[in-house]
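The values are calculated or read from the model by the stated rules, or taken from the named source; none is laboratory data. This structure is a prediction, so every number in the text was calculated from the model and none was measured. In this analysis, Cβ positions are derived from the backbone assuming ideal geometry, glycine residues included, and neighbour counts consider all displayed protein chains. Surface areas here come from the heavy atoms of the whole protein model, side chains and all, with no ligands, DNA or RNA. Shrake-Rupley method; radii C 1.70, N 1.55, O 1.52, S 1.80 Å.
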Amino acid sequence: MLKAATAFYYRLTLDHGRVVAILLVLLLAGAAWQSQYFRIDASTDSLILENDKDLRYYADIEARYGSQEFLIVTYSPDGELISRRSLENLRALRNDLVALPPVSSVTSILDVPLIDSPRVTLSEIQEHTRTLSDPDTDYELARRELQTSPLYSQLLMSADGETTALLAYLKGDEQARSLYRRRDSLRLKQAEAGLNPAEAAELARVSAAYESANAAAQANKKQTISEVREVLDRYRSEARIFLGGLPMIAVDMISYVRNDIRSFGVGVGLFIIVLLAISFNSVRWVVVPAGICAIVAIVMTGFLATAGWPVTVVSSNFISLILIITLSQVIHLVVQHRELHQLDPSQSQRSLLQQTIRNKFMPSLYTALTTMLSFASMAISDIRPVIDFGVMMTWGCAFAFIFTFLAFPTALAPLAAGTAPTARRDVTASINAGIAAFVGRKAAGISATYGLLVLLGAYGIFQLTVENRFIDYFKPSTEIYQGMVVIDKELGGTTPLDVIIDAPRDFLEEQAADEYALEAASSGGLSATSYWYNAFQLDEVHAIHDYLDQLPETGKVLSLSSSMRMVQMINGDKPLDNFAMAVMYAQLPDSVKTALYDPYLSADGNQLRFAVRVIDSDPNLNRDALLHKIQQDLTKTMGLAPEQVHLTGALVLYNNVLQSLFTSQTKTIVIVFGVISLMFMLLFKSAKMALIGTLPTLIAAMLVLGLLGLLGIPLDIMTITIAAITIGIGVHDTIHYTYRFREEVRTRGYAGAISRSHGSVGRAMVYTTVVISMGFSIMVLSNFMPTIYFGLFTGVAMVFALAANLTLLPILLMKFRPFTVN
């Protein structure tokens, strides 16, 4: 069976190469056509935990208190903010933003009700709600109110009165939201209890519909942001203006990802061509490898587009990785072909190709399988973009192997073998020969050095953290970074956190049981039936608000407390009793009541929402510690029952992602090394190789993770993949070296095998590592800092892996002698 398959493969690629070439051309044409549907996703949906239970609660809270996407425009005029000229410009800017079709409304200091400019009574506010746009408004009083108001200070107006914010609310897509909620509901049920066939079919249908709706929404957001920026550009001569908000961040990140894919692909491609030209000094050894890399990259892009598989910030480097992995496969074939030709210049091209394939097929197959398994191990992560990246690259590795072994012999078969390479002692050969001699002389010293490095790496790993600032993901030159700094420092913080406080359980149970008493009390209004909206509980509401407000990590805090302080001003600064609270709730205009009550108090008055904004640029911010502190202080210090307190919002969801990084990293490494150990045992039929084969890449992974810890660089959604990639790609060299070493041992013994293996396959290892390391270094061109760290440290890890494979691996092979000498 195997012999027949081998014969068919040789006939197909060596005798009927035109058929293969035609099929490849057709496949490439189809993939290139499908590439127009290639999609990038940088929405918040792509940066959350898979089946996060906190996400369900977050969605419920959003539905209860309302949620609408908005953009933040910070506006700092050259002159006085509260002046006729500045307000006229601000009004024109607001009107231009409102005129944009995707914008539903804009909230600014021009529109919000003023109650202390001068002070108004309940009857006055019922007749007319004063705003800054009213001609008789006192500007000085308005400035003072906006700077000190419990609602507006550090929300719409900075503390120094020099910067204001416009909140441009965008029209929502209710169909997309409905699909999103249904999809996540089915996903959660699938994770907890499983789905029946009808529900599984519905999940597939809803997921496809949501992906389509999400793609359309992203296209609309891109157009919206472009239109908003065109409007803002017309006013930049009058003021310092920054644009912020999640929709803008998502759009800009898509732009970053698209630019990264383009620049990384082109950069790595050019570097591949230059390196091949320098290394082999032959046109065919530039054109054929580069052509195979291009085939795999185009097919992979078309495959992702056809499958509707979007690329995220985590997988934005997939083109670079595909090119690197493919070239690694091809270079080993090229080096083997040239070595065989040099040994016997009289051989025909067909004979050279057959021997090359025969010698390299099995180690290449096992390297492809181990790399695929390394990437596939990411599927155990709880982070959706990491899962998608792992599965995506698993397919990419399969394509790299298949098309390399189809295109390499097909492309070379029609060509004559040509002039045999001359034996020359290049720099690579000299270095490898020196390393081989050094290994033979200093085995004990090298082993001891690696022992110390392992200890150092382990120490660094224990210094690793997952706490990182979202603002640090971007270069200071980007508008995202600059806008976040302004919002953080002057307008109350960027990252939302909701603290939800329920009424005590016994109150809710009594209320539910005593329907007659509830009906009788309802005649007294909300203050008579609710737990929180009454004079008896107002002090506790104020205490919770003040506690959250005094935390150094928090900026603006809005709640029923801030609303009641405004209402007390309307009440002539008199303390609010239940009667006054009931009257205010009933008599305030709907527009005012919507702003003061609806976002912070449930309809039945039994749940409070404290809308907190956290200062993400705070260098001392530790999200996990902050969340635990709030939970603990509210329950142990302030006496609330644990079941009353719920923390939710973007901060909680993002923290869940960060806290999962350690467990995901550990699980991934354990599974990867278990699988690779098994692969080595099967490939070399030796239990000793299960240990020997994994140690070099294990040490390389430990060293790069330790280096991250020692340098104080936290793990994030991209650096978490470094260890798996290091293992997956680094083990290529281990397998190729060991495979060649085993062949050489049979005739040259262990000492001779080291020298011979370093001089042959060792050169290919150096070439591939240089390509990989330099290819990853191109990622420093990204605007996304995790991508930069990923590129730099993965490149460093590849160098560590090469060093371990050229020094420690032969020492281990000499020490444990897993192979028999003839």
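I want to confirm something. Restricting to segment 593-606 and keeping residues that are open to solvent by 40 Å² or more (accessible area, probe 1.4 Å) and in a helix (DSSP H, G or I), which single residue is farthest from ALA63 (Cα to Cα)? Walk me through it before giving the result.
Within segment 593-606, the first condition is being open to solvent by 40 Å² or more (accessible area, probe 1.4 Å), and the residues that meet it are 593-595, 598, 603-604.
Still in the list and also in a helix (DSSP H, G or I): 593-595.
Values: LYS593: 19, THR594: 15, ALA595: 17 Å.
For segment 593-606, the residue satisfying everything is LYS593.
Got a number for residues in segment 734-743 being open to solvent by 10 Å² or more (accessible area, probe 1.4 Å) and either at positive phi or out of contact with any Gly (no Cβ under 9 Å at 6 or more places or on another chain) (or both)? It would help to see each step written out before you state the result.
We begin by selecting, within segment 734-743, every residue open to solvent by 10 Å² or more (accessible area, probe 1.4 Å); these are 739-740, 742-743.
Add one more test, that the residue is either at positive phi or out of contact with any Gly (no Cβ under 9 Å at 6 or more places or on another chain) (or both), and what stays is 739, 742-743.
Selection size over segment 734-743: 3.
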Expected single match for closer than 26 Å to ASN656 by Cα, open to solvent by less than 50 Å² (accessible area, probe 1.4 Å) and touching a helix residue (DSSP H, G or I) at 6+ places or on another chain (Cβ under 8 Å) among PRO385, PRO363 is PRO385
Scanning segment 683-717 for residues that are part of a loop (DSSP other than H, G, I, E, B) and touching a helix residue (DSSP H, G or I) at 6+ places or on another chain (Cβ under 7 Å), the one surrounded by the fewest Cβ atoms within 10 Å (Cβ to Cβ) turns out to be ILE713
Condition set of a type in the set (D, E, K, R) and either touching a Gly at 6+ places or on another chain (Cβ under 9 Å) or open to solvent by 30 Å² or more (accessible area, probe 1.4 Å) (or both), scope segment 343-360, selection modelled with the lowest pLDDT: answer is ASP344
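Mind checking whether some residue in segment 463-471 is open to solvent by 60 Å² or more (accessible area, probe 1.4 Å), at pLDDT 90 or above and touching a Gly at 6+ places or on another chain (Cβ under 7 Å)?
Keep residues of segment 463-471 that are open to solvent by 60 Å² or more (accessible area, probe 1.4 Å), which gives 463, 465.
With at pLDDT 90 or above added as a condition, the list becomes 463.
So of that shortlist, the ones also touching a Gly at 6+ places or on another chain (Cβ under 7 Å) come out as 463.
Scanning segment 463-471 turns up at least one residue that is open to solvent by 60 Å² or more (accessible area, probe 1.4 Å), at pLDDT 90 or above and touching a Gly at 6+ places or on another chain (Cβ under 7 Å).
Any idea which of SER212, SER153, SER185 is over 30 Å from SER117 (Cα atoms) and surrounded by 14 or more Cβ atoms within 10 Å (Cβ to Cβ)? Give the steps one after another, and end with the answer.
Working: SER212 fails: surrounded by 14 or more Cβ atoms within 10 Å (Cβ to Cβ); SER153 fails: over 30 Å from SER117 (Cα atoms).
Exactly one of SER212, SER153, SER185 is over 30 Å from SER117 (Cα atoms) and surrounded by 14 or more Cβ atoms within 10 Å (Cβ to Cβ), namely SER185.
Select from segment 320-342 the residues that are open to solvent by 10 Å² or more (accessible area, probe 1.4 Å) and either within 28 Å of THR422 (Cα to Cα) or modelled with pLDDT under 85 (or both) and list them in ascending order.
Going residue by residue through segment 320-342, those that are open to solvent by 10 Å² or more (accessible area, probe 1.4 Å) are 323, 335-336, 338-340, 342.
Matches in segment 320-342: VAL335, GLN336, ARG338, GLU339, LEU340, GLN342.
Go over the candidates SER123, SER83, SER108, SER133 one by one and state the one that is open to solvent by less than 40 Å² (accessible area, probe 1.4 Å) and within 30 Å of MET584 (Cα to Cα). Spell out how you get there, then give the answer.
Values: SER123 fails: open to solvent by less than 40 Å² (accessible area, probe 1.4 Å); SER83 fails: within 30 Å of MET584 (Cα to Cα); SER133 fails: open to solvent by less than 40 Å² (accessible area, probe 1.4 Å).
Criteria check complete, one pass: SER108.
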Among residues of segment 222-275 being among the aromatic types (Phe, Trp, Tyr) and outside any strand (DSSP E or B), the residue nearest to VAL287 (Cα to Cα) is PHE271
Next item on the list: Restrict the check to segment 289-308 and report whether at least one residue is part of a helix (DSSP H, G or I), open to solvent by 20 Å² or more (accessible area, probe 1.4 Å) and without any contact (Cβ under 8 Å) to a residue 40 or more places away in the chain.
Entry: yes
Selection over segment 263-281 where residues are surrounded by fewer than 22 Cβ atoms within 10 Å (Cβ to Cβ) and closer than 30 Å to ALA650 by Cβ yields a count of 1
Taking segment 619-640 and keeping only residues that are part of a loop (DSSP other than H, G, I, E, B), in contact (Cβ under 8 Å) with a residue 60 or more places away in the chain and either open to solvent by 30 Å² or more (accessible area, probe 1.4 Å) or closer than 21 Å to GLU62 by Cα (or both), one is left with PRO619, ASN620, ASN622, MET638
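Any residue at all in segment 666-680 that is assigned to a helix (DSSP H, G or I), aromatic (Phe, Trp, Tyr), modelled with pLDDT of 85 or more and farther than 26 Å from ASP382 by Cα?
Our first condition is that a residue be assigned to a helix (DSSP H, G or I); within segment 666-680, this holds for 666-680.
Remaining after also requiring aromatic (Phe, Trp, Tyr): 673, 680.
If we keep only those that are modelled with pLDDT of 85 or more too, we end up with 680.
Still in the list and also farther than 26 Å from ASP382 by Cα: 680.
Taking every residue of segment 666-680 in turn, at least one turns out to be assigned to a helix (DSSP H, G or I), aromatic (Phe, Trp, Tyr), modelled with pLDDT of 85 or more and farther than 26 Å from ASP382 by Cα.
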Every listed condition ((1) at pLDDT below 90; (2) over 30 Å from ALA208 (Cβ atoms); (3) open to solvent by less than 10 Å² (accessible area, probe 1.4 Å); (4) of a type in the set (Ser, Thr, Tyr)) holds for SER316 save (2)
For segment 156-178, the count of residues that are open to solvent by less than 30 Å² (accessible area, probe 1.4 Å) and either acidic (Asp, Glu) or within 18 Å of SER212 (Cα to Cα) (or both) equals 1
Of those in segment 216-239 that are under 25 Å from ALA176 (Cβ atoms) and of a type in the set (Ser, Thr, Tyr), the residue surrounded by the fewest Cβ atoms within 10 Å (Cβ to Cβ) is SER226
Determine, yes or no, whether VAL286 is buried (at least 18 other Cβ atoms within 10 Å of the Cβ), free of Cβ contacts under 8 Å to residues at least 24 places away in the same chain and over 26 Å from the mean Cα position of the chain (by Cα).
yes
query = Is it the case that some residue within segment 776-793 is assigned to a helix (DSSP H, G or I), modelled with pLDDT under 85, among the aromatic types (Phe, Trp, Tyr) and buried (at least 24 other Cβ atoms within 10 Å of the Cβ)?
reply = yes
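Which one of PRO476, PRO496 is open to solvent by 50 Å² or more (accessible area, probe 1.4 Å), touching a Gly at 6+ places or on another chain (Cβ under 6 Å) and of a type outside the set (A, V, I, L, M, F, W, C)? Steps first, answer last, please.
On the way: PRO476 fails: touching a Gly at 6+ places or on another chain (Cβ under 6 Å).
Step by step, each of PRO476, PRO496 is checked, and only PRO496 is open to solvent by 50 Å² or more (accessible area, probe 1.4 Å), touching a Gly at 6+ places or on another chain (Cβ under 6 Å) and of a type outside the set (A, V, I, L, M, F, W, C).
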Scanning segment 366-382 for residues that are open to solvent by 10 Å² or more (accessible area, probe 1.4 Å) and of a type in the set (A, V, I, L, M, F, W, C) gives LEU369, MET372, LEU373, ALA376, ALA379, ILE380
When segment 34-58 is checked residue by residue, the ones that are at pLDDT below 80, more than 26 Å from ALA297 (Cα to Cα) and surrounded by 13 or more Cβ atoms within 10 Å (Cβ to Cβ) are THR44, ASP45, ILE48, LEU49, GLU50, ASN51, ASP52, LEU55, ARG56
Of the listed residues (ALA723, ALA753), the one being among the small types (Gly, Ala, Ser), at pLDDT 85 or above and out of contact with any Gly (no Cβ under 9 Å at 6 or more places or on another chain) is ALA753
For segment 1-33 the number of residues that are open to solvent by 50 Å² or more (accessible area, probe 1.4 Å) and within 23 Å of ASP260 (Cα to Cα) is 2
Scanning segment 576-587 for residues that are surrounded by fewer than 18 Cβ atoms within 10 Å (Cβ to Cβ) and assigned to a helix (DSSP H, G or I), the one farthest from the chain's Cα centre (by Cα) turns out to be PHE579
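Can you tell me which residue among ASP546, ASP573, ASP590 is open to solvent by 30 Å² or more (accessible area, probe 1.4 Å), closer than 19 Å to MET638 by Cα and without any contact (Cβ under 8 Å) to a residue 24 or more places away in the chain? Quick ask: steps written out before the conclusion?
Details: ASP573 fails: closer than 19 Å to MET638 by Cα; ASP590 fails: closer than 19 Å to MET638 by Cα.
Residue meeting the stated conditions: ASP546.
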Taking segment 744-766 and keeping residues farther than 14 Å from PRO810 by Cα and open to solvent by 20 Å² or more (accessible area, probe 1.4 Å) leaves ARG746, THR747, ARG748, ARG763, VAL766
